[in-house]
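Take a look at the structure set out below.
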Amino acid sequence: MNLLSIDMTMVDWARAQFALTAIYHWLFVPLTLGLAVVMGIMETLYYRTGSEFWRQAAKYWQRLFGINFAMGVATGIILEFEFGTNWSNYSYLVGDIFGAPLAIEGIVAFFMESTFVAVMFFGWNKVSKGFHLASTWLTGLGATISAWWILVANSWMQHPVGQEFNPDTVRNEMTSFLDVALSPVAVDKFVHTVLSAWVLGAVFVVGVSSWYLLKHRHLEFAQKSLKVGAIFGLIASALLMFSGHHSAYTVAQTQPMKLAAMEALYKGGNDQPLTIIAAINPFQQPDYETTDEPPLKLAVPYALSFLATNDFQGYVPGIRDILDGYTRKDGTREPSLDEKIERGQCAITALQHYRKAKREGAPEEFLAELTAEIKANMPYFGYGYVKDRSQVVPYIPVCFYAFRVMVGGGCLFVLLFILLLWTHSAAPLEGGNKPRPFKERFVEGLALACIPIAYIVSEAGWLVAEFGRQPWTIQDMLPTWVGVSQLGSSAVMLTFCLFLILFTTLLAVEISIMCKAIKKGPQL
């Protein structure tokens with residue numbers, strides 16, 4: 001792409017539109033994944049006990065699942081179409097790779113969950129108990145498999161593997177489907193994302209159950225649902241902690257700049273502490289070029305080194321180290337930004353010469369030399385479009401604070417699940433207006449308040465993942481300003497406004513329908 005033809009306003013609006021769609025879509029997805037497990041657990045209890053109570057409990061949570069599922073489908077389809085409309089250069093360059101997991105998601109996973117969700121909703125009295133139970137679990141499995149392929153595609157953008165650039169077509173082509181599908185980044189992202197969705201689903205269940213307890217309605221249903229949700233949430237939270245550590249380790253190996261931005265680590269080194277909080281101006285990029293660390297920093301000694309390297313004395317590069325070049329643990333040297341820019345420009349120039357020579361019928365030996373030069377410098381191709389150091393540093397305040405919201409929220413939910421199990425471990429509540437202990441009502445109020453907090457925490461996790469890899473649409477390969485379509489910014493601005501109105505309306509409708517269904521309660 002000719003850099004002089006890039007409309008940076010178009011880049012900003014294309015990014016804003018994609019972010020808008022992704023944020024709204026992710027409001028629906030985690031609840032779908034979380035409720036899928038909860039309703040599966042409850043129907044399993046019905047299958048094993050034959051109790052009508054668990055049948056009606058499962059049907060209640062399935063009803064809320066269905067409302068949320070329908071809204072998630074609407075936003076997800078739009079999200080995928082935006083790759084072709086607003087990011088056509090990106091789609092042309094890597095469509096052969098990126099399109100494969102999306103196609104599998106659409107053909108296999110989506111149709112799988114769509115098929116079994118019909119049986120789950122309409123087959124209660126038409127199929128056997130065992131087949132209906134299988135349909136419920138397969139609906140959840142289909143949604144989870146769908147998430148797998150979406151996250152494979154996203155992870156490839158974070159860490160491109162299993163591909164090779166073809167100078168004849170000017171496209172990246174897949175060389176190993178297994179490398180793409182089973183990359184360490186994809187596995188870590190899938191596990192961590194799905195577990196976080198389970199936690200959100202558990203918070204939603206205990207929050208709704210707590211509302212019934214506070215209103216003194218459907219007491220048996222509320223208390224049993226609360227216990228199922230709290231146990232499920234506590235198990236998911238414990239697993240989430242382990243996956244979070246492994247994800248941080250993977251990020252340190254594949255995207256060290258993201259980790260440095262998350263920690264506001266300007267100058268790295270050995271024995272690095274993990275920052276709990278620091279005085280980072282949320283509205284201004286810090287002066288990472290001359291400052292060694294942010295002011296008023298409170299940190300846990302050695303913890304960052306362990307998180308990033310599994311070694312309390314491990315070396316963690318800071319932002320300036322990454323820009324200036326550093327030596328990895330295995331002894332390999334990571335080039336400086338200037339070296340990467342030079343090599344990226346070499347790759348771009350060699351590609352231009354190759355295509356010109358190919359058209360003019362140059363000898364095969366000359367073409368082979370140019371091909372070798374392209375291949376040698378292709379890992380840094382995207383840096384050829386970078387003009388200064390600030391372009392490759394993510395916006396630190398968003399990464400820093402979003403990471404702490406994510407971790408802090410996760411710790412809050414662990415405490416919530418423990419308190420709920422502690423305060424509600426007694427026999428089921430009885431009807432009437434008998435005063436209940438303050439500690440129970442307080443924890444129930446906290447559970448209810450945690451429902452919106454869970455959504456904020458979930459979105460914060462995605463902010464870390466996506467802001468942390470800026471400015472890349474594909475890490476080291478394609479900056480955002482090169483991946484956009486040749487469109488006028490006014491067209492994207494118009495659709496942004498239309499989507500904002502549409503998605504906000506859908507969200508308001510979903511909240512209204514969900515609240516009505518919750519107020520109506522289970523049909524026990």
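Relative to the dominant Cα principal axis of the chain, helix 111-122 is inclined by about 10°.
Solvent-accessible area assigned to carbon and sulfur over the chain amounts to 66 percent, based on a 1.4 Å probe.
Ligands, DNA and RNA are left out, and with a 1.4 angstrom probe the accessible area of the stretch 239-302 is 51 Å² per residue. Taking 7 Å steps out from each Cα toward its Cβ at Val300 and Ile231 produces label points 2.9 nm apart. Once the dipole of the chain is set up with Lys and Arg at +1 and Asp and Glu at -1 on Cβ about the Cα centre, which of Thr473, Tyr46, Ala449 lies farthest towards its positive end? Going by the charge dipole, the pick is Tyr46. Here is how the number arises for the chain: DSSP H runs of 4 or more residues each give -39500 (n - 2.57), the sum is divided by the residue count, and the result at 222 nm is -24000 deg cm²/dmol. Label separation (Thr504 vs Glu364): 6.3 nm, computed from points 7 Å beyond Cα along the C-beta direction. The calculated FRET efficiency for the pair Arg355 and Thr291, based on their C-beta separation and a Förster distance of 51 Å, comes to about 0.70. Ranking Val386, Val405, Ile374 by how far each Cα lies toward the positive end of the dipole of the stretch 363-411 (charges on Cβ) leaves Val405 at the top.
Distance from the Cα centroid of the stretch 291-336 to that of the stretch 187-261 is 29 Å (rounded to whole angstrom). What's the FRET efficiency of Thr423 with Ile518 using the Cβ-Cβ distance as r and R₀ = 25 Å, to the nearest 0.05? Efficiency, rounded to the nearest 0.05: 0.70.
Ordered from highest to lowest accessible area with the whole protein assembly present and a 1.4 Å probe, Lys340, Lys519 read as Lys519, Lys340. Against the longest alpha carbon principal axis of the chain, how many degrees, from 0 to 90 and to the nearest 10, is the axis of helix 396-423 turned? Helix 396-423 and the main axis of the chain meet at about 20 degrees.
Taking all protein chains together and rolling a 1.4 Å probe, Lys129 ends up with roughly 90 Å² accessible. Solvent exposure of the stretch 24-182, expressed per residue, is 38 Å² of accessible area, with all protein chains present and a 1.4 angstrom probe. Along the chain, the longest continuous region that contains none of the GluC sites (Glu not before Pro) in a DSSP loop with at most 16 other C-beta atoms within 10 Å is 1-288. Positive-end ranking of Val194, His218, Phe232 along the dipole of the stretch 129-247, with charges on Cβ about the Cα centre, is headed by His218.
Here the simple spin-label model places points 7 Å from the Cα toward Cβ, and for Thr175 and Ile276 these points are separated by 4.8 nm.
Report which label in (i) 25.4, 93; (ii) 24.3, 81; (iii) 22.4, 75 holds the value of Rg and Dmax of the Cα atoms in Å derived from the coordinates of this structure. Among (i) 25.4, 93; (ii) 24.3, 81; (iii) 22.4, 75, the one calculated here is (i).
For the chain, a crude dipole built from +1 on the beta carbon of Lys and Arg and -1 on the beta carbon of Asp and Glu, taken about the Cα centre, is about 2500 debye to the nearest 20.
Counting only alpha carbon atoms, the long axis of helix 8-49 and the longest principal axis of the chain meet at about 40°.
The values are calculated or read from the model by the stated rules, or taken from the named source; none is laboratory data. Everything numeric in this text was worked out from a predicted model, so none of it was measured. Every residue, glycine among them, receives a Cβ derived from its backbone with ideal geometry; neighbour counts consider all protein chains shown. Just so you know, the surface numbers come from the protein's heavy atoms only, side chains and all, with ligands and any DNA or RNA stripped out. Shrake-Rupley method; radii C 1.70, N 1.55, O 1.52, S 1.80 Å.
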